[in-house]
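The values are calculated or read from the model by the stated rules, or taken from the named source; none is laboratory data. What you are looking at is a predicted structure, and each value in this text was computed from that prediction instead of being measured. Don't worry about glycine lacking a Cβ; one is built from the backbone with ideal geometry, like all the others, and counts go over all protein chains shown.
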Amino acid sequence: MKTRTGLAFLAPALILFGVFVLYPMLTAFSYAFYEWQGTSRQGFAGLSNFSALVNRAPFKTDLPRALLHNVLFFLGTMLVQNTIGLTVATLLHRRARTRRMLQTLYAMPYLVSPIVIGYLWTLLLSPTFGPVNQLLTKIGLEQFALPWLGDPKTALWVVILVSVWQWVGFPVLLYGAALGGVPEELTEAARVDGASHGQVFRRITFPLLVPAIGTVSVLTFIFAMEAFALPFAFGGSTGNPAGSTDFVSLLFYRSAFDSGAVDAIGTSSALATVLFLIIFGGAMAATKVLRRHERRMAS
Amino acid sequence: MTPRTLRSTLTLIAFTGVLAVGACAPSSDTDTSGSGGGDGKETTLTVWSWRVEDEAAYNKIFDAYEAKHEGVTVEFKPFKATEYNKILATGLAGSDGPDVPQVRSYGQVEPTIASKSLVPLDGKVDLSGWDENVVNSAKSKADGKLYSVPLARQTVQMFYNKSLFKKHGIDEAPTTWADFTAAGDKLLAGDVTPIAVGAKDDWTLPIVHEVLAAPRFGGAAFQKEVLSGQTSFTDPDFVASIDVFTQLAKYFPKNVTGVAVTDAQTLFSAEKAAMFPGGSFDMAVLKKANPGIDLGVFEVPAPTGSPEDKATTPGWADGNFAVNAKSPQREAALELVKWMSTKEFGQMVADEVKQISAVPGVTYNDPLLRQMADSYEKSPSPYLLLTDFRYGSPSGTDLMGKGVQQLLLGSKTAAQVAADIDAGVKTWFKPTP
């Protein structure tokens, strides 16, 4: 009786989840195992769509490159965004009066759509009319007035840094909340014992922040692997220039919707499945490690 | 956050992330043969298009059709261009698609044809006397049948600022390659960017290649040879045509791979650049950005060493209209599409939509439009990588765009770019001797 009542209460949510999440997901998976002629489904294809991702152009060359960019995006974001985020959150934690206002200010850019941010920065960094290069030239730093988005050496890093600029408020908020949860008696006791600021941070605050860092890392991983809107706004669906800002989602987009290949649905669904497995697998593995760490801390 | 809620949150986020990708795919093929409607009394035909900006023009055109066809109402429904492919694929796969969809051309329409979503029009629509290159946009390469009626011809050529030319001592549009480069040098000396190219956007580069160097690889003659397998993209003439970019790079804006096509258009309309290689579809944008500009167009003369010393106007067809195979009003839809192949419709496209109609014999009020149409009529050549090399992935245009960027960045030579194009298209292209 109890289970039945419980199920009745769960049913609306489960039905919504089933219809809008589970069903489309499973059908998308199933597409990857069929042959396609435009939008009409043909015979069972086994794993041939998956092997096309490894053996056939353009996937053979574009997929490893795009995946590498996703990984670099993740590592870059982790390193820069989290370091800045943690530093800012720690500094803000000590400023009781202005903390709220500054947190809001740091979080402002992520209220704007990434597409808008991308176009805005494209204008700012334009080598012909962009104010960034004009300013650099005016103050005598002409050697740094580079074609930021026109050179494969800098383009990917511009995408990463702009993304960091946009999202840095997010770790600031999360770390801010986590810092609020660090028991004051611990830090106070350490201070009484003569620990310096640095020592308190290293030995007490940081270990207690590990769960929050883990959460941010997993979310950053998912975010980086799914990156689409910002790279699209910067480099279009082909990852201009010369594929230097290409990401897996962009490759999916152009093979699904922009290609003249009649079997596009099969191969692009296979690509979506692979991307899902990478994200899901990565997130699950990281969560497992995190839980083990938490259990160790609790005991 | 407790470990449990954290775990659930992460799982949910991971799920929804992929849902975003997965949900983009269309539903599987369900047969929903038409029912109802089409009994001759009152018929409403829906036309889907990606030309939001042309809605008023199309309403006017279809008013004229309605006036002559009693009981027929044509509803024009435009969608955002960037989302149109997805919307149309879903519409045609289901039962609530349009009667007459605007479809892509050449290779881009092949997936729609392969879905059996369109009615073959052979024997129903007569396109005899039309430009072969234009008709091919409506045909399937897989079965050779006709599936749509082409709407417009797009031509690519050099736009130029006549008064800026005069100001720098260039009285006429160049007619020889030497004149062309001399004009570039004069403009460069006058601190004007000679040719506004936006190489950050790779899609524009195959167009620029056609504008600057179509005669260098041989245009239509090369098309025949490469399609039959007599030659390939590694042909010395094709390599030399890519190398034209190296020769002309000094006339492009500085840091050209960082310049977006909108920046290039702005340079041109702000009169900081004298030439802009673009399509007939760019004319409206250029005029709107600076209505006072003294705009002219010319065919870039054949580069030195070209197989034939004759300038050409490359072009292709697009904006085709077709009949949805699931339309319950197939006959009425066919009638409308048939009308779209008449001179009456073509003339209205020229006058209202302000594009070069695909229908032969249409006249143009706008002098520039007339000049572009006449040039194509006199010396046509196919925009080869679009008309014949977009039937698979990687497409010829994608390979050229990326390759020219690499060439301009100095990471590849023209020969390497040509070899990449050749190897890329050969993964799906089979010549037909």
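If you go through the range A:238-267 one residue at a time, how many are farther than 30 Å from residue A:44 by Cβ and part of a helix (DSSP H, G or I)? Walk me through it before giving the result.
Within the range A:238-267, the first condition is being farther than 30 Å from residue A:44 by Cβ, and the residues that meet it are A:238-247.
This time we only want the ones that are part of a helix (DSSP H, G or I), so: A:238.
Residues flagged as farther than 30 Å from residue A:44 by Cβ and part of a helix (DSSP H, G or I) within the range A:238-267 amount to 1.
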Mind checking which pairs have a first residue in the range B:63-87 that is assigned by TED's automatic domain parsing to the domain that holds residue B:109 and closer than 20 Å to residue B:353 by Cα and a second that is modelled with pLDDT under 95 and among the basic types (Lys, Arg), Cβ under 6 Å, 6 or more apart or different chains?
B:78/B:51
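When you look at residue A:26, is it within 9 Å of chain B (Cβ to nearest Cβ), surrounded by fewer than 16 Cβ atoms within 10 Å (Cβ to Cβ), of a type outside the set (S, T, N, Q) and out of contact with any Leu (no Cβ under 8 Å at 6 or more places or on another chain), yes or no?
When the stated conditions are applied, residue A:26 passes them.
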When residue A:129 is run through (1) within 14 Å of chain B (Cβ to nearest Cβ); (2) within 17 Å of the chain's Cα centre (by Cα); (3) of a type in the set (Phe, Trp, Tyr), the failure sits at (2)
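Given the options B:155, B:193, B:176, name the one that is polar (S, T, N, Q), buried (at least 19 other Cβ atoms within 10 Å of the Cβ) and more than 30 Å from residue B:349 (Cα to Cα). Can you show your working first?
Working: B:155 fails: more than 30 Å from residue B:349 (Cα to Cα); B:176 fails: buried (at least 19 other Cβ atoms within 10 Å of the Cβ).
Matching residue, one of B:155, B:193, B:176: B:193.
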Could you say whether any residue in the range A:249-272 is polar (S, T, N, Q), more than 24 Å from residue B:84 (Cβ to Cβ) and out of contact with any Gly (no Cβ under 8 Å at 6 or more places or on another chain)?
no
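Could you please let me know if residue A:210 is of a type in the set (A, V, I, L, M) and either surrounded by fewer than 21 Cβ atoms within 10 Å (Cβ to Cβ) or more than 10 Å from chain B (Cβ to nearest Cβ) (or both)? Reasoning before the result, please.
Values: of a type in the set (A, V, I, L, M): yes; either surrounded by fewer than 21 Cβ atoms within 10 Å (Cβ to Cβ) or more than 10 Å from chain B (Cβ to nearest Cβ) (or both): yes.
Yes; evaluated as a whole, the condition is true for this residue.
Return yes or no: is residue B:257 of a type in the set (S, T, N, Q), free of Cβ contacts under 8 Å to residues at least 40 places away in the same chain and either assigned to a helix (DSSP H, G or I) or closer than 30 Å to residue B:353 by Cβ (or both)?
Details: of a type in the set (S, T, N, Q): yes; free of Cβ contacts under 8 Å to residues at least 40 places away in the same chain: no; either assigned to a helix (DSSP H, G or I) or closer than 30 Å to residue B:353 by Cβ (or both): yes.
Answer is no for this residue.
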Being within 18 Å of the chain's Cα centre (by Cα) and not small (Gly, Ala, Ser) is true for just one of A:290, A:219. Which residue is that?
A:219
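Looking only at the range B:401-426, count how many residues are of a type in the set (Ser, Thr, Tyr) and either farther than 19 Å from residue B:237 by Cβ or in a helix (DSSP H, G or I) (or both). Spell out the reasoning first.
Of the range B:401-426, the ones of a type in the set (Ser, Thr, Tyr) are B:411, B:413.
Applying the additional criterion that residues be either farther than 19 Å from residue B:237 by Cβ or in a helix (DSSP H, G or I) (or both) yields B:411.
Adding up the residues that qualify gives 1.
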Please work out if residue A:75 is assigned to a helix (DSSP H, G or I), under 16 Å from the mean Cα position of the chain (by Cα) and free of Cβ contacts under 8 Å to residues at least 24 places away in the same chain.
yes
Go through (1) part of a helix (DSSP H, G or I); (2) in contact with a Leu (Cβ under 8 Å, 6 or more places away or on another chain) and name the single condition residue B:216 misses.
(2)
Do you know which residues across the range A:141-161 are surrounded by fewer than 23 Cβ atoms within 10 Å (Cβ to Cβ) and β-branched (Val, Ile, Thr)?
A:154, A:158
Could you please find all residues in the range A:253-294 being in contact (Cβ under 8 Å) with a residue 40 or more places away in the chain and of a type in the set (Asp, Glu)?
A:263, A:294
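Consider residue B:216 carefully, then state whether it is in contact with a helix residue (DSSP H, G or I) (Cβ under 9 Å, 6 or more places away or on another chain), of a type in the set (Lys, Arg) and over 20 Å from residue B:399 (Cα atoms). It would help to see each step written out before you state the result.
Values: in contact with a helix residue (DSSP H, G or I) (Cβ under 9 Å, 6 or more places away or on another chain): yes; of a type in the set (Lys, Arg): yes; over 20 Å from residue B:399 (Cα atoms): no.
For residue B:216, the condition - in contact with a helix residue (DSSP H, G or I) (Cβ under 9 Å, 6 or more places away or on another chain), of a type in the set (Lys, Arg) and over 20 Å from residue B:399 (Cα atoms) - is not met.
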